[in-house]
Each structure stands twice: as structure tokens, then as C-alpha cells.
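The values are calculated or read from the model by the stated rules, or taken from the named source; none is laboratory data. Nothing here was measured: the structure is a model prediction, and the numbers come from that model. Note that we place each Cβ from the backbone using ideal geometry, even for glycine, and neighbour counts take in every protein chain shown.
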Amino acid sequence: MTTEDNPFAWLDPWAPRGSIQRFAVAGGFNSALFWVMWEVSLVLLASIDLRILWGAAWGITGVLAHFVHRAFTFDNHRSVKLTLPASIPVYAGSLVGSSYTIGVLSELAPQWLRLLGLVNMLAWGLGIWLTMRVFVFRFDPSRHQSA
């Protein structure tokens, strides 16, 4: 892969494609968008259960995350016709699971909601990285090694 094919080649030594580091860079962008949506909804829609607000923000940013990770974290060797449908169960499962766990955590320690939200997001993000790498994008590091 040439620099023309990969405008982020400068990042490869520290965070090669498919790595957890690369996922964290892209995930930081996705997570910031998620967090802003969740925070705004907590203020503007305070009467709605926080799990629903969490799930809505998670779902919206999950669609965006698929395309960010496809272009930046992993690669696009597989058709979007395959990767998008394959990512739906991953994001749907993480949406339901993370919404459930944020609800449980908020009941256990409501005073720590934002810290627990961050921990919850990071824990579920690790699982998403693994499933996206192995099952959705079927990432093969050998395709990205220099000759």
C-alpha cells in the first residue's frame, strides 16, 4: 500500500491498521461525538430514561463508526454490502448491552455517572474492536506489512 492509497501512513509505525491503538484514535473521534450527543440529551431530555438516551446516541454514532473504522482503522477490502450488515449485530448487541450496563451502574452509584459512563464505553469498545477486526472486516495484518 502506497502513501497515495493510505493518507494516514505516517500513523502506521505507532498505530498500524487493525491495531487497538488505531481503533482508539478513531474511537476517540466517534466517542467524542457520542458523548456530546448523550450529554446534550441528558440536559434537554432529562425526563427520558438515561438508558434510552444512551442507546439512541450509541445507535446513531454506531452507524458513523462503521464507516470511520472501515476507512481508517481496518481497510475496505471487503464490500460495504458485506461489512455493513455484518456490523449491525455487533453494534446492536453493544447498544443493548451498554445501555443495560449504564442503567445498572447508574443505579449503583449515580454520583459517578459520567465516570462510569466512560468506563462502560471503553469496556464495550474493546469488545467492538475485537468483533469488528475478526468477524466484520476479517482484518489480515499481512495485507498491510511493508515488503
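So that you can scan it fast, the table gives a plain yes or no per residue for (1) over 20 Å from the mean Cα position of the chain (by Cα); (2) free of Cβ contacts under 8 Å to residues at least 40 places away in the same chain:
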| position | (1), (2) |
| --- | --- |
| Glu107 | yes, yes |
| Gly127 | no, yes |
| Val134 | no, yes |
| Arg138 | no, no |
| Ser142 | yes, yes |
Gly125 being surrounded by 13 or more Cβ atoms within 10 Å (Cβ to Cβ) and closer than 14 Å to Phe23 by Cβ:
yes
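When the stretch 25-47 is examined, which residues are found to be of a type in the set (A, V, I, L, M) and in contact (Cβ under 8 Å) with a residue 12 or more places away in the chain? Walk me through how you get there before you give the answer.
Taking the stretch 25-47 and keeping what is of a type in the set (A, V, I, L, M), we get 25-26, 32-33, 36-37, 40, 42-46.
Once the filter is applied, which keeps residues that are of a type in the set (A, V, I, L, M) and in contact (Cβ under 8 Å) with a residue 12 or more places away in the chain, the stretch 25-47 yields Val25, Ala26, Leu33, Met37.
Yes or no: Gly27 closer than 21 Å to Ala15 by Cα and touching a Gly at 6+ places or on another chain (Cβ under 6 Å)?
Judged against the criteria, Gly27 is a match.
In the stretch 77-89, what residues are β-branched (Val, Ile, Thr) and farther than 15 Å from Gly55 by Cβ?
The first filter runs over the stretch 77-89 and keeps only residues β-branched (Val, Ile, Thr), leaving 80, 83, 88.
Within the stretch 77-89, Val80, Thr83 qualify.
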Scanning the stretch 48-105 for residues that are touching a residue at least 60 places away in the same chain (Cβ under 8 Å) and of a type in the set (Phe, Trp, Tyr), the one farthest from Ala32 (Cα to Cα) turns out to be Phe74
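Just to verify a result, which residue in the stretch 29-68, among those that are of a type in the set (D, E, K, R) and surrounded by fewer than 17 Cβ atoms within 10 Å (Cβ to Cβ), is nearest to Gly18 (Cα to Cα)? Break it down stepwise before answering.
Quick first cut of the stretch 29-68, residues of a type in the set (D, E, K, R) only: 39, 49, 51.
Keeping just the survivors that are surrounded by fewer than 17 Cβ atoms within 10 Å (Cβ to Cβ) gives 39, 49.
Details: Glu39: 30, Asp49: 35 Å.
Top of the filtered list is Glu39.
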Flag for Arg22 being at pLDDT below 95, assigned to a helix (DSSP H, G or I) and not acidic (Asp, Glu)
yes
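For the stretch 90-106, indicate whether the set of residues that are touching a Ser or Thr at 6+ places or on another chain (Cβ under 6 Å), over 30 Å from Arg143 (Cα atoms) and of a type in the set (A, V, I, L, M) is non-empty. Let's see the steps before the verdict.
From the stretch 90-106, those touching a Ser or Thr at 6+ places or on another chain (Cβ under 6 Å) are 90; that's our starting set.
Imposing the further condition that a residue be over 30 Å from Arg143 (Cα atoms) reduces the set to none.
Within the stretch 90-106, none of the residues are touching a Ser or Thr at 6+ places or on another chain (Cβ under 6 Å), over 30 Å from Arg143 (Cα atoms) and of a type in the set (A, V, I, L, M).
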Looking at (1) under 17 Å from the mean Cα position of the chain (by Cα); (2) exposed (fewer than 15 other Cβ atoms within 10 Å of the Cβ); (3) closer than 30 Å to Glu107 by Cα; (4) of a type in the set (A, V, I, L, M), which is the only condition Ala71 fails?
(3)
